[in-house]
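A short worksheet on the structure shown next.
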Amino acid sequence: MTDTGKPGTKEKSYDGFTEEERAAMKERAQELKKAPRKKASKADGEADVMAKIAEMPEPDKLIAERLHAIVKEHAPELSPKTWYGMPAYARDGKNIVFFQSSHKFKARYATLGFEENAKLDDGAMWPTSFAVKEITPEVEERIVGLIKKALG
């Protein structure tokens, strides 16, 4: 921890991880500790994801709820789980898609992201995350298409 260098302030800056990043790592450590004790069922994952969504401020909460419904409807083979304290959906234990609230890391927008097990490959370069400000019918259609493509 170092002083910010501004005279008369007591603010501190940190080298390395932000407070939000450290909190996410702690959440991930708890998720990993919980995993070996019992094989999480789809219902356990559902409850964990819904609890995380309930903690989100608007409008991210609405986006996350809609995304959760989209995944359940169009990719029921994916299992809900939390990942670094974020809603995520996995197949065979491997993350495919996740939602990051803008509030999570004090970002300007929420993020819909895909992990490397998602089959979004398109030539030599392709996007793996998308900014989401709201879910309109057009955005929903695009999300459904991305999820279907991600599953192969």
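Details
- Note: relative contact order over region 12-151, using C-alpha pairs below 8 Å and six or more positions apart, is 20 percent.
- With bins 10 Å wide beginning at 0, the percent of Cα pairs of region 12-151 falling in each bin runs 11, 42, 35, 11, 1.
- Assuming charge only on the beta carbon of Lys and Arg (+1) and of Asp and Glu (-1), the dipole of the chain about its Cα centre is about 500 debye to the nearest 20.
- Over 25 Å apart at the Cα level, from the set Lys106/Lys148; Lys26/Lys148; Lys33/Lys81, are Lys106/Lys148; Lys26/Lys148.
- Flagged links, alpha-carbon separation over 27 Å, of Lys34/Lys104; Lys34/Lys119; Lys42/Lys119; Lys34/Lys133: Lys34/Lys119; Lys34/Lys133
- Projecting the Cα atoms of Gln30, Ile147, Ala110 onto the charge dipole of the chain (Cβ charges, centred on the Cα centre) puts Gln30 farthest toward the positive pole.
- Which of Thr136, Thr82 has the fewest Cβ neighbours within 10 Å, and the rest in rising order: Thr136, Thr82
- Only one residue of Phe98, Ala43, Trp126 has its Cα farthest out toward the positive end of the dipole of the chain, where Lys and Arg carry +1 and Asp and Glu -1 on Cβ, and that residue is Ala43.
- Rounded if a/c under 1.5, otherwise prolate or oblate - region 83-152, Cα gyration tensor axes: oblate
- Ranked list, fewest to most other Cβ atoms within 10 Å of each Cβ, for Asp122, Asp60: Asp122, Asp60
- For the residues Glu19, Glu77, Glu31, a GNM of the chain with alpha-carbon springs under 10 Å puts the largest fluctuation on Glu19.
Read the figures in this text as sums done on the coordinates, not as results from a lab. What you see is a predicted model, and the numbers here were worked out from it, not measured in a lab. Positions of Cβ are backbone-derived with ideal geometry, glycine not excepted, and every protein chain shown enters the neighbour counts.
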